[in-house]
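What follows is one structure encoded as structure tokens, with my remarks underneath.
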Amino acid sequence: MSAAMDTESTYSGYSHYSGHSKKAHRQGRDRHKSPRSKDGSRSEKSVTIQTPPAEPLLGNDASRAEEGQDDNWGETTTAITGTSEHSISQEDIARISKDLEDSVGLDCKRYLGLTVAAVLGLLVFLTPIAFILLPQILWRDDLEPCGTVCEGLFISVAFKLLILLIGTWALFFRQPKADIPRVFVFRALLLVLIFLLVFSYWLFYGVRILDSKDTNYQGIVQYAVSLVDALLFIHYLAIVLLELRQLQPMFTVKVVRSTDGESRYYSLGHLSIQRAALVVLENYYRDFAVYNPALLTASKSRAAKHMAGLKVYNVDGPGNNASGQSRAMIAAAARRRDSSHNELYYEEADHERRVRKRRARLVVAVEEAFTHIKRLQAEEQQKAPGEMMDPREAAQAIFPSMARALQKYLRTTRQQQYHSMESILQHLSFCITNNMTPKAFLERYLSPGPTLQYDRDRWFSKHWTLVSEEAVTSGLQDGSVFVLKCLDFSLVVNVKKIPFIKLSEEFIDPKSHKFVLRLQSETSV
């Protein structure tokens, strides 16, 4: 209970800070709804995307303007957001994305292929059994007796159907990982081939066996065995087309994120564009650092600050042409360009200095907290089993000692929107349970990790749109380019074919490595 009270007291200041931000935002909105805004020529409409105040770690997203503030700015700061007529929060964006996903999930087209495949698979497995049972049911008395060879064929059909069932389950009955815009061509071709095969066998069975009531029961069983053999060969063909064909690397793709330019290279085999897009997205969530739009605001604010410092005076009166003002602004920007690199250098140096200082504070605070955990564990060993603390209580007990240092570091590195207090407590209790070191605990926060490391609610990319000049069902080709777009950024994929490599061999005679060392008996004195 004491640990919980400490945690609540630690975060009481942050809830107060968030309350001030909400109040200031409502006041700004009320001020904006003045009679002056009724004029259509003077009103301005903007969209403000806000982070929910209860979800991020310790406060609001107001840390974007912290470059010129001291280390203790977060304790007594009240942030006032800009006025807007329309506002949308991150919760609204997440809800809209969820509604889109639900609407897609309710679409009948998503389950149409699965339903057709299930019905066709059931027909495939019941057809050989029906071929064997129908003569026994319709003209049992007229059939010739089934000998030893015929009875052995029953065992062959049973085991082949079992093998086919297991192989079909392993190859086709998988949970879909994504919804693709077009049908998978090879899978559709296999379904058509299976349907034609079963239809042909039923047609021949109806004409030559059912109509004539063939009495050669052993021949009928062999006919069913031939169908099962053909189905096994089709299953082998499916393994080659769906699994083995794409294993050999044939193309190298370069994936570039449009916002920050982060790139990766991957090797792909013979795939269609939509299947290659799925492979790229699976690797993106694993290899790319999580997308953080807050890191892009520094360059934008710096450019806006430089443009705000330019003033143009019209000395010739209001009737002068605007082209002269444009030339004056371009010339002034060119003159300021010579000194802008100094400002960028000092801004980055100051930011790196603050990051190193707050990182050092965080490392010391975490090490002291874990040292306190070791003392608590030593004390708990002397207590009764019923009085021992669980990892969750231990995490709540030591978290207030590191919360302030962690808060400042996450705000400085602009990661606070990805780490809530609950997620940090869960990670801390996990580290305590598995007896992990402070360095292992800090690994998640000292550097941004891949997207899969964070909760799905923190992802900025869930719904993707594939843009391609060529058909998405066509295969990859050298020079192909396609784009994967989401809400805030896009992934540009450039395809290059792996070049043909000609490798030659050069023979070296083993005798060429031998040499003779001759020593002169006479030496100089």
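Being in a loop (DSSP other than H, G, I, E, B), among the hydrophobic types (A, V, I, L, M, F, W, C), touching a residue at least 60 places away in the same chain (Cβ under 8 Å) and surrounded by 13 or more Cβ atoms within 10 Å (Cβ to Cβ) holds for only one residue in LEU491, LEU487, and it is LEU487.
Considering only segment 170-213, state which residues are acidic (Asp, Glu) and modelled with pLDDT of 85 or more.
Applying the first criterion (acidic (Asp, Glu)) to segment 170-213 yields 179, 211.
Residue satisfying the conditions is ASP211 alone.
Here's a check for you: in segment 260-273, which residue that is within 16 Å of the chain's Cα centre (by Cα) and in contact (Cβ under 8 Å) with a residue 24 or more places away in the chain is surrounded by the fewest Cβ atoms within 10 Å (Cβ to Cβ)? So, considering only residues that are within 16 Å of the chain's Cα centre (by Cα) and in contact (Cβ under 8 Å) with a residue 24 or more places away in the chain, the one surrounded by the fewest Cβ atoms within 10 Å (Cβ to Cβ) is GLU262. ARG257 passes every criterion in (1) in the same structural domain as LEU487 (by the TED database); (2) out of contact with any helix residue (DSSP H, G or I) (no Cβ under 6 Å at 6 or more places or on another chain); (3) free of Cβ contacts under 8 Å to residues at least 40 places away in the same chain apart from (3). Under 9 Å between Cβ atoms, which residue pairs at least 6 apart in sequence (or on different chains) link something in segment 433-448 that is of a type in the set (S, T, N, Q) with a partner that is surrounded by 13 or more Cβ atoms within 10 Å (Cβ to Cβ) and part of a loop (DSSP other than H, G, I, E, B)? Matching pairs, first to second residue: SER447/THR413.
Residue count for segment 274-290, restricted to those that are open to solvent by 20 Å² or more (accessible area, probe 1.4 Å) and either over 28 Å from VAL183 (Cβ atoms) or among the charged types (D, E, K, R) (or both): 5. Residues of segment 230-259 that are open to solvent by 20 Å² or more (accessible area, probe 1.4 Å), part of a strand (DSSP E or B) and not polar (S, T, N, Q): LYS254, VAL256. If you go through segment 419-453 and keep only what is among the hydroxyl-bearing types (Ser, Thr, Tyr), under 22 Å from the mean Cα position of the chain (by Cα) and open to solvent by 10 Å² or more (accessible area, probe 1.4 Å), you end up with SER420, SER423, SER447.
The values are calculated or read from the model by the stated rules, or taken from the named source; none is laboratory data. Quick caveat, the model's predicted, so the values are computed rather than measured. Cβ coordinates were reconstructed from backbone atoms using ideal geometry, including for glycine residues, and neighbour counts include every protein chain displayed. Ligands, DNA and RNA are stripped out before the accessible areas are found, and what is left, the full protein with its side chains, is counted by its heavy atoms. Shrake-Rupley method; radii C 1.70, N 1.55, O 1.52, S 1.80 Å.
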